[in-house]
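Read the structure below first, then the notes.
Coordinate-derived values only; no laboratory data. From a predicted model like this one, the values you see are computed outputs, not experimental measurements. Reconstructed Cβ throughout: ideal geometry from the backbone, glycine too, with neighbour counts over all protein chains shown.
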Amino acid sequence: MDIAGGTFVITGGASLIGSHVADRLLADGSGKVVLLDNFALGTPEAIAHLDGDSRVELVRGDILRTGELFDAFAGADGVFAIAGFLTLPLTQNPPLGLAVNVDGMVNVFEACRFAEVKKVVFSSSIAAIGEPGPEPITEETHSNLAAFQAGTKLYAASKLIGEGLCQLYSSKYGVGGVALRYATVYGERQHYRGVNALYIIQNYDRIMRGESPQITGDGSEVHDYVHVADVARANVLAMAADAAGEIFNIGSGVATNLVRLVEILRDITGSDLEPEYVEAGGAVKSTSGSTIDFRIGKAKRLLGWEPEVGIEDGMRRLIEWRREQG
Ligand SMILES: NC(=O)c1ccc[n+]([C@@H]2O[C@H](COP(=O)([O-])OP(=O)(O)OC[C@H]3O[C@@H](n4cnc5c(N)ncnc54)[C@H](O)[C@@H]3O)[C@@H](O)[C@H]2O)c1
C-alpha cells in the first residue's frame with residue numbers, strides 16, 4: 001500500500017505511540033491522518049504539535065461505540081489500532097480495560113469490514129509471550145502466561161485476542177491484519193502508564209527533585225527498551241507491506257538492566273546521586289527476569305525494519321523533551 005497520498009485512521013491517536021505514528025505518516029506524505037481518541041488516557045498535549053496541519057483531523061470517538069467508527073473509517077486505506085489499556089490502567093479498571101482491549105478491537109475489525117478498509121496494524125505486546133526465559137523469543141515462541149501477575153495475565157490475554165482477530169479477519173473477512181509485538185516503548189511524550197518505562201521517568205523525576213534514583217531488587221531485572229520513533233516506523237512499514245495475518249516482534253534486541261538504566265540517567269543529567277536499592281513491594285509488574293533475548297529478525301526480513309535509536313540516544317531525547325516541558 002502507498003503511504004504517500006493515503007488516508008489513515010489512528011485509534012488512540014492521542015497516545016504516546018499514536019502521536020508518533022501520525023508524525024511518521026505525515027513525514028512520509030500521507031494525504032490525511034485521522035486521530036480518533038476519547039481521551040480516556042491520552043491528552044491533547046500529545047498531539048498539540050499537529051494543530052494547524054490541514055492533513056490532520058481530530059475525531060473525539062470511542063472504539064466501544066461502533067457507530068462512531070463507521071463514520072471515521074469511511075474512505076480510509078488503513079487503520080492503526082493503537083487504542084488500548086496498558087497493564088497499569090487495566091489493573092485499575094478491569095471492566096473498562098478489558099472492554100476496550102477486547103470488544104473495542106472486535107469493533108475496529110467489524111467497522112473495517114463494513115467500511116472496506118484493506119489493512120489494520122494492531123499494537124500488540126511482548127507480554128503476549130509471558131515471562132521470558134533465557135531462550136530466544138521469536139514469533140513462534142509459545143505463550144506461557146502462568147507466571148504473570150493477574151493484571152499482566154489479563155492484559156497479555158487481551159493482546160492475544162487482538163492477534164487472533166488480525167489472523168481471523170485476514171483469512172476470512174478481507175481485512176488484512178498485522179500484529180506488532182512491542183517490547184518496552186519509551187520516548188518523547190512519555191507517560192506514567194507503562195510499568196517498565198516508569199523506571200526511566202520516575203527516576204528522572206527523583207533526580208530532578210534531588211532524590212536518589214531507585215533500583216528495584218538487585219538491579220538485575222532486564223527489559224528490551226525500544227524507542228517510540230522506531231515503533232512508529234515499524235507501524236508505517238507494516239501498513240505499506242503486503243503482509244497480512246502475520247505477527248512481528250518489534251524491539252531493540254538488546255537487554256538493559258535497571259543498574260545500567262540508572263547509570264545512563266545519571267550520565268545524561270550529570271547527577272552524582274548514588275542509587276538506592278529498594279524492594280519492589282506490591283508494585284504492578286510485567287516481567288521481572290534477569291534475561292531477555294527478543295529476536296527481531298522477522299521484521300528485518302519481511303518489513304525491512306531495524307531499530308535506529310539506541311538506549312543512550314533515546315533516553316537523551318526523552319530527557320531533552322522533558323526539559324523543554326519545564
Ligand atoms: N507503551 C508501551 O510500552 C507498549 C508496549 C506494548 C504494547 N503497547 C500497546 O500500544 C498501544 C499504545 O500504547 P501507549 O503507550 O501509546 O498507550 P497510551 O496509554 O498513551 O494510549 C492509549 C490511548 O488509547 C486511548 N483510548 C483508550 N480507550 C479508548 C476508547 N475506548 N476509544 C478511543 N480511544 C481510547 C487513550 O485515550 C490513549 O490515547 C496500547 O494498545 C498498548 O497496549 C504499548
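The range 92-163 and the range 267-307 have Cα centres lying 20 Å from one another. For the chain, the normalised intensity computed at q = 0.09, 0.13, 0.15 Å⁻¹ comes to -0.43, -0.93, -1.24 (log10 of I(q)/I(0), Debye sum over alpha carbons, equal scatterers, no solvent).
Sorting HIS223, HIS49 by the number of Cβ atoms found within 10 Å of their own Cβ, with the fewest placed first, yields HIS49, HIS223.
Each Lys and Arg adds +1 at its Cβ and each Asp and Glu adds -1 at its Cβ; summed about the Cα centre, the range 199-326 shows a dipole of about 380 debye.
Could you give the size of the charge dipole of the range 49-197 about its Cα centre, using +1 on the Cβ of each K and R and -1 on the Cβ of each D and E, expressed in debye and rounded to the nearest 20? Kindly include the intermediate steps, with their values, before the conclusion.
On the way: 12 positive and 16 negative charges, 34 e Å.
Charge dipole, the range 49-197, about its Cα centre: 160 debye, nearest 20.
Couplings 3J(HN,Hα) for the range 48-64, derived from phi with the Karplus relation 6.51 cos²θ - 1.76 cosθ + 1.60 (θ = phi - 60°), are 4, 5, 8, 3, x, 7, 5, 7, 9, 10, 9, 10, 6, x, 10, 6, 7 Hz, where x marks Gly and Pro. Distance between the pseudo-spin-label points of ARG301 and GLN92 (7 Å out from Cα toward the beta carbon): 4.1 nm. Counting GluC sites (Glu not before Pro) as exposed when in a DSSP loop with at most 13 other beta carbons within 10 Å, what is the longest stretch of the chain free of them? Maximal segment without exposed cleavage sites: 1-115. In this rough spin-label picture, where each label sits 7 Å from Cα along the Cβ direction, the ALA99-ASP313 distance is 4.3 nm. Here LYS32 is the anchor, and the lysines within straight C-alpha reach of less than 25 Å, apart from those fewer than 8 places off in the same chain, are LYS118, LYS119. Counting only DSSP beta bridges with both residues in the range 139-264, tell me the antiparallel percent, nearest 5. Antiparallel bridges: around 20 percent, rounded to the nearest 5.
Spin-label model, ILE268/HIS191: points 7 Å from Cα along the beta carbon direction are separated by 2.0 nm. For LYS172, the aspartates and glutamates whose Cα falls under 15 Å of its own Cα, not counting residues fewer than eight places away in the same chain, are GLU110, GLU116, GLU163, GLU246. Taking amide H as placed 1.01 Å from N in the peptide plane, the amide H of GLY130 sits under 5 Å from that of ASN144, each at least 5 places away or on another chain.
Placing +1 on each Lys and Arg Cβ and -1 on each Asp and Glu Cβ, with no other charges, gives the chain a dipole about its Cα centre of roughly 560 debye. For the range 19-69, which trypsin sites (Lys or Arg not before Pro) are both in a DSSP coil and crowded by at most 13 other Cβ atoms within 10 Å? Answer by residue number: ARG65.
Look at the dipole of the range 194-300 built from charges on Cβ: of THR216, VAL236, VAL262, the Cα furthest out on the positive end belongs to VAL236. Within the chain, helices built from complete DSSP H runs that reach 27 Å or longer along their own axis (Cα positions) and carry a mean Kyte-Doolittle hydropathy of -1.0 or higher are 150-172. Under 5 Å from the amide H of TYR277 lie the amide H atoms of ILE215, each residue being 5 or more positions distant or on a separate chain, with H modelled from the backbone and absent for Pro and chain starts. Would you mind pulling out the separation of the Cα centroids of the range 21-50 and the range 57-91, in Å? After rounding, the separation between the Cα centres reads 12 Å.
Tell me which trypsin sites (Lys or Arg not before Pro) from the range 160-209 have a DSSP coil assignment and no more than 13 other beta carbons within 10 Å of their own. Please list the in-between numbers first.
Numbers: sites: LYS172, ARG181, ARG189, ARG193, ARG206, ARG209; in loops: ARG189, ARG193, ARG209.
Within the range 160-209, the qualifying trypsin sites (Lys or Arg not before Pro) (loop, at most 13 other Cβ atoms within 10 Å) are ARG209.
Here is how the number arises for the chain: DSSP H runs of 4 or more residues each give -39500 (n - 2.57), the sum is divided by the residue count, and the result at 222 nm is -11500 deg cm²/dmol. For a straight C-alpha distance cut-off of 23 angstrom, the lysines reachable from LYS153 (same-chain residues fewer than eight places away being disregarded) are LYS285.
Footprinting exposure proxy ranking of TRP305, TRP321, fewest other C-beta atoms within 10 angstrom first, gives TRP321, TRP305. Judged by the ratio a/c of the largest to the smallest principal axis of the C-alpha gyration tensor, the range 1-78 counts as oblate, that ratio being 1.5 or greater while a/b is no larger than b/c.
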